[in-house]
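For reference, the structure is listed below as structure tokens.
Since every read-out is calculated from the coordinates, none of them should be taken as a lab result. Predicted, not measured: the structure shown is a model, and the values here were computed from it. Neighbour counts are summed over all protein chains in view; Cβ atoms, including those assigned to glycine, are modelled from backbone coordinates with ideal geometry.
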Amino acid sequence: QVQLVESGGGLVQAGGSLRLSCAASGRTFSSYAMGWFRQAPGKEREFVASISWSGAATNYVGSVEGRFTISRDNAKKMVYLQMNSLKSEDTAIYYCAAGPGMATMPNKYDYWGQGTQVSVSS
């Protein structure tokens with residue numbers, strides 16, 4: 001069993017930066033791949049980034065590649081999403097998730113946090 005809690009969301013001006021954190025609990029945390037998803041009003045939850053259990057492999061949706069960086073610290077049971085050069089279209093609720101692999105489909109993940117709001121002003 002894994003419990004996830006996101007933090008670090010807020011309001012930022014376009015072009016600015018924000019770092020999201022996801023704190024995990026559970027003895028098996030390090031065996032899970034981790035993902036970040038986001039959901040804007042009226043849209044389906046979409047994949048943003050994922051990272052393997054070891055942190056050696058990462059994957060990003062094209063719209064954030066080069067701007068966002070996912071990382072993890074298994075000793076601290078933490079996963080992060082560093083967001084740079086933010087755009088208004090990045091505005092959404094961001095969720096972290098844990099699953100058996102680096103899938104892009106939400107239904108492939110087993111555990112979810114409650115989400116944190118990111119708002120980017122134009």
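Using the Cα centre of the chain as origin and beta-carbon charges of +1 (Lys, Arg) and -1 (Asp, Glu), tell me which of Gln3, Met105, Val48 is placed farthest towards the positive end of the dipole.
Positive-most Cα among the choices belongs to Gln3.
Tell me the net charge near Ile51. Cut-off is 13 Å between Cβ atoms, Ile51 excluded, with +1 for each Lys or Arg and -1 for each Asp or Glu.
For residues surrounding Ile51, the net value is 0.
Just to confirm a number: summing +1 for Lys and Arg and -1 for Asp and Glu over residues other than Pro100 whose beta-carbon lies under 10 angstrom from that of Pro100, what do you get?
Residues near Pro100 contribute 0 overall.
Given just the C-alpha atoms of the chain, how large is their convex hull per residue in cubic angstrom?
Normalising the Cα hull of the chain by residue number yields 89 Å³.
Sorted by packing (mean other beta-carbon atoms within 10 Å per residue), highest first, where do 77-86, 35-44 land?
77-86, 35-44
Taking the Cβ of Val79 as the centre, find all other residues whose Cβ is under 12 Å away and add up their charges (Lys, Arg: +1; Asp, Glu: -1).
Here the charged neighbours net out to +2.
What size of dipole, in debye to the nearest 20, comes out for the chain about its Cα centre when the only charges are +1 on Lys and Arg C-beta atoms and -1 on Asp and Glu C-beta atoms?
220
Among the lysines, which have Cα under 24 Å from the Cα of Lys77 when same-chain residues fewer than 8 positions away are ignored?
The qualifying lysines are Lys108.
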